[in-house]
1. In debye to the nearest 20, how big a dipole does the chain give about its Cα centre with +1 on each Lys and Arg Cβ and -1 on each Asp and Glu Cβ?
2. Do any trypsin sites (Lys or Arg not before Pro) in the stretch 1-32 lie in a loop, going by DSSP, with at most 15 other beta-carbon atoms within 10 Å of their beta carbon, and if so which?
3. Only loop residues by DSSP count here, and only those with at most 16 other Cβ atoms within 10 Å; note down the GluC sites (Glu not before Pro) in the stretch 1-46 that meet that.
4. Let's test the formula: R0 of 25 Å, r as the Cβ-Cβ distance of ARG117 and ALA34. What FRET efficiency results, to the nearest 0.05?
5. Measure out, as a whole number of angstrom, how far apart the alpha-carbon centroids of the stretch 35-59 and the stretch 1-28 sit.
6. Computed FRET efficiency, Cβ-Cβ of ARG19 and ARG166, R0 22 Å: what is it to the nearest 0.05?
7. Pick from SER160, SER95, SER26: which is most flexible by mean-square fluctuation in a GNM of the chain where alpha carbon atoms under 10 Å apart are linked?
8. Taking the solvent-accessible surface of protein heavy atoms with a 1.4 Å probe, what is the per residue accessible area of the chain in Å²?
Amino acid sequence: MAVREVLRMGHPVLREKARPVEALGSPGLRALVADMKETMAAQDGAGLAAPQIGVGERVVIFGVDQNPRYPDAEAVPFTVLVNPKITMLTREVESDWEGCLSVPGMRGVVPRYTRIRYTGFDEEGNPIDRVAEGFHARVVQHECDHLDGILYPQRMTDMSTFGFTRELFPGEDIADD
Ligand code: NI
């Protein structure tokens, strides 16, 4: 296991469509997930997608346990999600702040669907099928976008909200990435 470098916006791997994982439960997939967990923990992130550490495979992890970076956000169960599929369950969208480890030091307001169903597998091949709302749904949409080469600024509809965290939230103790 190792903490891996997180690629930043502009790196070509972050713009590519990731390929499906074919061998669930393989040593290679377990090693990838272990590195992703360690990297996300080291950065105190809410989620991480494999392309962010330079691996173009459809694997995301996410989870929030009263994260100090998101003091108002509800907890999200820690999840490893391989080959995810998202179905929107509403046309209703809600706008809220997002950040990304690949866009360090910045925040922006992003509209996301408020209620989704997501399916996929954990790294051992066990099926996952959940309905999620609110912040949980937002995190899943953000992470799965990474698998299609999309970073959150590409989802923004009001670029005037895009800025540096320390300028947007002066005096608040919010992490810089
Ligand atoms: Ni991100």
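The values are calculated or read from the model by the stated rules, or taken from the named source; none is laboratory data. These numbers were taken from a predicted model, which means no experiment stands behind them. Ideal geometry is used to build each Cβ from the backbone, glycine not excepted, and the neighbour counts take in all protein chains shown. Ligands, DNA and RNA are stripped out before the accessible areas are found, and what is left, the full protein with its side chains, is counted by its heavy atoms. Shrake-Rupley method; radii C 1.70, N 1.55, O 1.52, S 1.80 Å.
1. Around 560 debye, computed over the chain.
2. Passing both the DSSP loop test and the Cβ count: ARG8, LYS17.
3. Filter output for the stretch 1-46: GLU5, GLU16, GLU22.
4. Numbers: r = 28 Å, r/R0 = 1.11.
So, using R0 = 25 Å, E works out to roughly 0.35.
5. Cα centroid of the stretch 35-59 versus Cα centroid of the stretch 1-28: 8 Å apart.
6. Working: r = 37 Å, r/R0 = 1.70.
The pair ARG19/ARG166 has a calculated efficiency of 0.05.
7. Checking each option, the largest mean-square fluctuation is seen for SER160.
8. 51 Å²
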